[in-house]
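To start, the structure under review is shown below, and the notes come after it.
The values are calculated or read from the model by the stated rules, or taken from the named source; none is laboratory data. Quick caveat, the model's predicted, so the values are computed rather than measured. Quick reminder, even Gly has a Cβ in these numbers, built from the backbone with ideal geometry, and neighbours come from all protein chains shown.
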Amino acid sequence: MKRRHFMVWAGAGLLSACGGNRGSNPTSSCLRPSSNGSNTIAAENALAGVSDWVLTKPDSSQIEGYATTSVNVGSPVAVYVNTKSASYSADFYRLGWYGGAGASLKGQLGPFPGIVQAPASIDSITGSASCSWSESFSIDTTGFVTGIYLVKLTTAEGHQQYVYFILRDDSRTADVLFVSSSSTMQAYNSWGGKSLYGSNSTNLSAATAVSYDRPYQPSFASDGAGQILAWDIKVLHFLERHGLDVCYSDIRDLHTASPTGFRCALVSGHSEYWSKQARANLQSAASQGVNVLALAGNVCYWQVTFDADVMTCNKGGGDPNTGLFQKLNPEESFFGQTYVGFESPHVPTDFVIAAGIPAWVLDGTHLAVGHHLTGLFGYEGDKTTSRTPSSAVVWGNSPFTDHDTKQLLRGVATYYSSSDSSTGCSYQVLNVGSTNWAYGLDSAGYNMTNPPTNYENADAKQVTLNVINRFIA
């Protein structure tokens with residue numbers, strides 16, 4: 001494993017707020033945006049759901065593809081497919097709660113004639129594999145609702161694979177902006193021979209750049225959908241089950257502009273790779289009163305650059321724009337914590353409540369200091385440093401055994417509130433420091449522990465809801 005557009009306004013390049021639920025406990029001294037319409041997420045989840053979005057015969061050797069990662073509602077999504085089969089069809093679904101079904105069927109296309117696309121071109125300097133495939137079909141998203149969508153590709157013989165895309169809604173306001181982490185998914189994606197890691201690259205030699213123009217190697221049972229079914233789906237189900245109004249985006253959208261109009265920016269999944277611009281845009285939003293919730297692990301560790309659809313991260317040095325944030329702009333100065341080590345992803349480890357937890361976080365739970373949330377820590381751990389904001393408290397302190405050194409380490413979760421002297425706005429940042437926190441929110445998708453176990457936890461759900469309600473107030 002390791003070791004290791006939104007609506008753009010002139011000047012600051014601000015994302016429009018994508019409105020819905022209100023809460024109590026105001027958290028910002030700045031004016032908060034008001035809703036400009038009904039809660040479309042709640043209305044969407046009142047529709048019928050289906051269960052056949054789950055693949056029954058996944059096989060990337062028979063069919064594979066990729067799509068535009070993120071588009072605005074109403075824009076076409078280009079899909080590129082490579083298959084040995086004479087024909088295939090495409091069913092596309094929006095992930096959501098839908099009464100527990102998990103997704104809603106939004107359309108069916110095909111059958112299409114199969115085509116074997118050209119091999120990827122390999123950059124001789126960076127090792128990046130990039131496809132120049134002909135477009136197989138496009139999806140008209142007119143009338144669709146913002147969300148994460150899966151395209152289920154099925155050959156005439158029944159072989160299947162996913163393609164995924166994110167649909168933004170640049171015209172709306174919402175309480176929560178969900179930020180998925182394609183940059184980290186691509187960093188680990190070894191399709192074409194290389195990733196940013198030597199461990200899953202040809203000749204054990206890592207690439208220094210990777211392309212978005214290629215399929216995802218099957219990973220975490222997401223089968224072509226990056227790592228969406230590892231963590232994002234669990235957080236997404238939780239949000240929509242509780243009727244929260246959400247807009248969905250990708251970290252490359254955060255790279256483009258600041259989400260200033262939102263009440264809470266929620267970072268999901270494994271979110272290790274950030275650009276300097278994405279980091280700056282999120283901090284700019286915080287300076288305007290946007291709260292930040294990281295339901296993620298190892299956040300903002302490696303700095304990358306984007307050039308069209310190519311992401312570069314030269315870990316060997318020599319590039320002043322990429323490398324460890326620790327050497328460029330330490331991540332804990334904003335996110336509260338930084339990476340300290342990782343454990344085997346297959347070993348369930350408990351999240352332990354620490355003495356610094358604010359009382360409001362525990363409202364409605366059975367938790368107290370020292371209590372354990374089974375299986376909800378990992379697979380990476382963080383620490384605080386002297387650069388952590390002075391107002392930060394440690395509310396999670398979870399012991400784990402480092403995979404490489406076999407040392408006993410402790411992974412922390414932090415919370416702090418602050419204000420920006422130039423704007424007069426206050427904001428809050430809470431970081432769980434754990435990808436596996438998502439296991440407590442929903443059991444859908446992949447679980448990497450051995451054996452896979454349902455770790456849904458009512459107290460973890462209540463803690464998460466308490467934080468979100470405070471952050472969108």
Considering every residue within segment 88-100, establish whether at least one is at pLDDT 95 or above, over 16 Å from Gly224 (Cβ atoms) and surrounded by fewer than 17 Cβ atoms within 10 Å (Cβ to Cβ).
-> yes
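One line per residue, one yes/no per condition, for (1) modelled with pLDDT under 95; (2) polar (S, T, N, Q); (3) assigned to a loop (DSSP other than H, G, I, E, B); (4) over 20 Å from Cys300 (Cβ atoms):
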{"position": "Thr388", "(1), (2), (3), (4)": "no, yes, yes, no"}
{"position": "Thr414", "(1), (2), (3), (4)": "no, yes, no, no"}
{"position": "Ser417", "(1), (2), (3), (4)": "no, yes, no, no"}
{"position": "Leu430", "(1), (2), (3), (4)": "no, no, no, no"}
{"position": "Asp442", "(1), (2), (3), (4)": "no, no, yes, yes"}
{"position": "Met448", "(1), (2), (3), (4)": "yes, no, yes, yes"}
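Only one of these is crowded, with 24+ Cβ neighbours inside 10 Å, acidic (Asp, Glu) and under 16 Å from Phe165 (Cβ atoms): Asp245, Asp253. Name it.
Working: Asp245 fails: under 16 Å from Phe165 (Cβ atoms).
So the residue among Asp245, Asp253 that is crowded, with 24+ Cβ neighbours inside 10 Å, acidic (Asp, Glu) and under 16 Å from Phe165 (Cβ atoms) is Asp253.
Just one of Gln217, Gln186 is among the polar types (S, T, N, Q) and assigned to a helix (DSSP H, G or I); which is it? Let's see the steps before the verdict.
Values: Gln217 fails: assigned to a helix (DSSP H, G or I).
Result of the check over Gln217, Gln186: Gln186.
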Within segment 57-75, track down each residue that is touching a strand residue (DSSP E or B) at 6+ places or on another chain (Cβ under 7 Å) and within 22 Å of Gly96 (Cα to Cα).
-> Pro58, Tyr66, Ala67, Thr68, Thr69, Ser70, Val71, Asn72, Val73
Could you check Tyr427 against (1) surrounded by fewer than 24 Cβ atoms within 10 Å (Cβ to Cβ); (2) farther than 20 Å from Gly269 by Cα and say which number it fails?
-> (1)
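Look at Gly269 and say whether it is at pLDDT below 95 and either surrounded by fewer than 24 Cβ atoms within 10 Å (Cβ to Cβ) or part of a loop (DSSP other than H, G, I, E, B) (or both). Give the derivation first.
On the way: at pLDDT below 95: yes; either surrounded by fewer than 24 Cβ atoms within 10 Å (Cβ to Cβ) or part of a loop (DSSP other than H, G, I, E, B) (or both): no.
When the stated conditions are applied, Gly269 does not pass them.
Please specify each residue of segment 117-130 satisfying the condition of being part of a loop (DSSP other than H, G, I, E, B) and more than 24 Å from the chain's Cα centre (by Cα).
Looking only at segment 117-130, we keep the residues that are part of a loop (DSSP other than H, G, I, E, B), and these are 117-120, 123-128.
Once the filter is applied, which keeps residues that are part of a loop (DSSP other than H, G, I, E, B) and more than 24 Å from the chain's Cα centre (by Cα), segment 117-130 yields Gln117, Ala118, Pro119, Ala120, Asp123, Ser124, Ile125, Thr126, Gly127.
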Counted residues in segment 147-185 being over 25 Å from Cys300 (Cα atoms) and either among the aliphatic types (A, V, I, L, M) or touching an Asp or Glu at 6+ places or on another chain (Cβ under 6 Å) (or both) come to 9
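Collect the residues in segment 170-197 that are at pLDDT 95 or above and more than 19 Å from Thr305 (Cβ to Cβ), keeping them in residue-number order.
Step one: filter segment 170-197 for residues at pLDDT 95 or above, giving 175-197.
Answer for segment 170-197, where residues must be at pLDDT 95 or above and more than 19 Å from Thr305 (Cβ to Cβ): Asp175, Val176, Leu177, Phe178, Ser180, Ser190, Trp191, Gly192, Gly193.
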Being in a loop (DSSP other than H, G, I, E, B), hydroxyl-bearing (Ser, Thr, Tyr) and modelled with pLDDT under 50 narrows it down to one of Ser61, Ser35, Ser16, Ser29, so name that one.
-> Ser16
Pairs only if they're at least six apart or on different chains, beta carbon under 7 angstrom, first in segment 300-314 and charged (D, E, K, R), second at pLDDT 95 or above; list them, first residue then second.
-> Asp309/Ser211; Asp309/Tyr212; Asp309/Asp213
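Any chance segment 197-209 includes a residue that's crowded, with 24+ Cβ neighbours inside 10 Å and either closer than 27 Å to Ser443 by Cβ or touching a strand residue (DSSP E or B) at 6+ places or on another chain (Cβ under 7 Å) (or both)?
Restricting attention to segment 197-209, the residues satisfying the condition of being crowded, with 24+ Cβ neighbours inside 10 Å are 207.
When the remaining residues are screened for being either closer than 27 Å to Ser443 by Cβ or touching a strand residue (DSSP E or B) at 6+ places or on another chain (Cβ under 7 Å) (or both), the result is none.
Checking segment 197-209: not a single residue is crowded, with 24+ Cβ neighbours inside 10 Å and either closer than 27 Å to Ser443 by Cβ or touching a strand residue (DSSP E or B) at 6+ places or on another chain (Cβ under 7 Å) (or both).
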List the number of the failed condition for Ser138; all other conditions in (1) outside any strand (DSSP E or B); (2) of a type in the set (Gly, Ala, Ser); (3) under 25 Å from Ala308 (Cα atoms) hold.
-> (1)
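Take segment 220-245 and flag every residue that is assigned to a loop (DSSP other than H, G, I, E, B) and farther than 16 Å from Thr146 by Cα.
Initial filter on segment 220-245 (assigned to a loop (DSSP other than H, G, I, E, B)): 220-227, 242-245.
Across segment 220-245, the qualifying residues are Phe220, Ala221, Ser222, Asp223, Gly224, Ala225, Gly226, Gln227, His242.
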